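The values are calculated or read from the model by the stated rules, or taken from the named source; none is laboratory data. Keep in mind that what you see is a predicted model, and the values were worked out from it rather than measured. With ideal geometry, Cβ positions are generated from the backbone for all residues, glycine too; neighbour counts draw on all protein chains shown.
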Amino acid sequence: MRKRFLTVTGIFFFLGCLAQSTSTLKIRKSVLQSSGEIVSEFVQLLSIPNIASDAPNIQKNAAFIMEMMHKRGINNVQLLSPTTPGAPPVVYGEVIVPNAKQTLIFYAHYDGQPVNPAQWAAGLSPFDPKLFSSAFDNGGASLSFPDNKQFDPDWRIYARGASDDKGGVAAILNAYSQLKANGIQPAYNIKFFFEGEEEAGSPHLNEILDKYKTLLQSDLWIICDGPVHQSGIKQIVFGVRGDAHIDLTVYAAKRPLHSGHYGNWSPNPAMMLARLLADMKDENGRVTIKGFYDDVIPLTASEKQALKDVPSVDQQMKTELGIRATENPGMSLVEAISLPSLNINGIASGNVGKLASNQIPTFATAVLDLRLVKGNDWQKQQQKVVNYIIEKGYHVIDHDPTDEERKTYDKLIKVLLGKDSYNAQRTSMDLPIVKGIIASVQSTTADKVVLQPTSGGSLPLFLFEKYLNAKTVTVPIANHDNNQHAENENIRLKNLFEGIETMAALMAGGM
């Protein structure tokens, strides 16, 4: 007789398919009935510019969120300021529940990526939220915000921060108000933590976690940031990749040279840099730098099984992105993001297009992005790249070359190592409290929730472990095509509404 085994995820999927609870359906109906209020408040929040370096507007964002929290009866609302004067504060609040044995902290950030309004499509503006019937680049029509307050879940709001991550702030706070409105008591003590400089690399988050470590004790952090799975199915992410950057500049002649008079004789820095970068990967996309993969901590049996269970979206994304081949042939997207990576974020030398001229440029520059997985140390990973460059015959400096250095060395390169870097983090999906989180999310959907051992993106979640000895899981809500970090950022209202429902289920310990 053939034996059949149910994985943990399979059990939760089976239970979720039996029926979505009365509480889930009650919250779902209530969210739709409250959609006018939810969207109106959300639009006001989106209308406040939120670049981390814009101190006056960051303060306005923080004040608006504090008011949202006061309105909901959240206690101990305050600003948590880092020790560095003038740095953006965290907005904090809490709800202490009688007889609750455990505490969850819900995290989102209210700052957004820097923005160039000129890059946004005609009719769209980063801080003037606009409503569309669907994705505008897929034929969606521009709409006025309706007076009757009836919102179609497929409509989208376009604004900076709509999905990354003011949508997270709105989902968390509206989840709590929905529980109150429907008489559902949270199963946990709840703390709210809204950061104001995540998109600037969270340079002062360590100060806040260290300064307020007693206040921030908890059993688990729930990070509400990022998109759901590309299939549209809800997902839980148990880790993030680390991130490190390296700026490279190769130097040649001190002044631009006529390519006819000096070509084939004077070194071309663009060609030199191109060769240096090309040799960092083989034809199958594997990084050739010595030791690049040596420190990786392998996935556990549970994580490997979860990876196998993730629905494949490779063909969907190839079609959506207009590509036929991938960088690592035979490797799926989820497998690729489970490994360390090296990418060129940008490269420049001389002029192109209408400004092109027959010259040999004086320098060529590039920015490398290193994504790290559990086990990698960001400084060691950067040094591996530096060692590789030295092995290629370059003399490495951290400044523009002097005349003496130009006379002494054949190949000169300036290497600047990014200091705003951080390691990867991953939480075990076998922890009892984490199994409860999986069950809570599964209670809101008949689809089998996607369990991702790690995200392709990066957040400084290792800081929570370092300063608080805390575990984190990420429960994203945004649509995968939300254009986060780019022009025309948007959120589909269905994702926002379902995000509220999901956060409510997490607070209630399942519905």
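Key figures
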item: Residue match in region 384-391 (condition: charged (D, E, K, R), in a loop (DSSP other than H, G, I, E, B), within 33 Å of the chain's Cα centre (by Cα) and over 18 Å from ASN268 (Cβ atoms)); result: no
item: Residue count for region 305-317, restricted to those that are surrounded by 13 or more Cβ atoms within 10 Å (Cβ to Cβ) and free of Cβ contacts under 8 Å to residues at least 60 places away in the same chain; result: 1
item: Which listed residue, of THR288, THR249, is surrounded by 16 or more Cβ atoms within 10 Å (Cβ to Cβ) and of a type outside the set (A, V, I, L, M, F, W, C); result: THR249
item: Tabulated pairs, region 261-279, first on the phi > 0 side of the Ramachandran plot and outside the structural domain of PHE363 (by TED's automatic domain parsing), second at pLDDT 95 or above and in a helix (DSSP H, G or I), C-beta under 6 angstrom, 6+ apart or interchain; result: none
item: Residue satisfying all of: in region 171-185; assigned to a loop (DSSP other than H, G, I, E, B) and touching a Ser or Thr at 6+ places or on another chain (Cβ under 7 Å); farthest from ARG156 (Cα to Cα) among these; result: ILE184
item: Within region 363-397, considering residues that are buried (at least 16 other Cβ atoms within 10 Å of the Cβ) and of a type in the set (Val, Ile, Thr), the one nearest to VAL287 (Cα to Cα); result: VAL385
item: Residue ID - surrounded by the fewest Cβ atoms within 10 Å (Cβ to Cβ), chosen from residues in region 108-136 that are over 23 Å from the mean Cα position of the chain (by Cα) and charged (D, E, K, R); result: ASP128
item: Residue among GLY161, GLY167, GLY183 that alone is at positive phi, surrounded by 24 or more Cβ atoms within 10 Å (Cβ to Cβ) and not charged (D, E, K, R); result: GLY161
item: Those helices (runs of 4 or more DSSP H) lying entirely in region 432-511 with at least 3 residues surrounded by 21 or more Cβ atoms within 10 Å (Cβ to Cβ), touching a residue at least 60 places away in the same chain (Cβ under 8 Å) and in the same structural domain as VAL115 (by TED's automatic domain parsing); result: 432-442, 493-508
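Yes/no per residue for (1) part of a helix (DSSP H, G or I); (2) in contact with a strand residue (DSSP E or B) (Cβ under 8 Å, 6 or more places away or on another chain):
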{"residue": "ARG241", "(1), (2)": "no, yes"}
{"residue": "ALA253", "(1), (2)": "no, yes"}
{"residue": "ALA306", "(1), (2)": "yes, yes"}
{"residue": "GLU320", "(1), (2)": "yes, no"}
{"residue": "GLY330", "(1), (2)": "no, no"}
{"residue": "LEU342", "(1), (2)": "no, yes"}
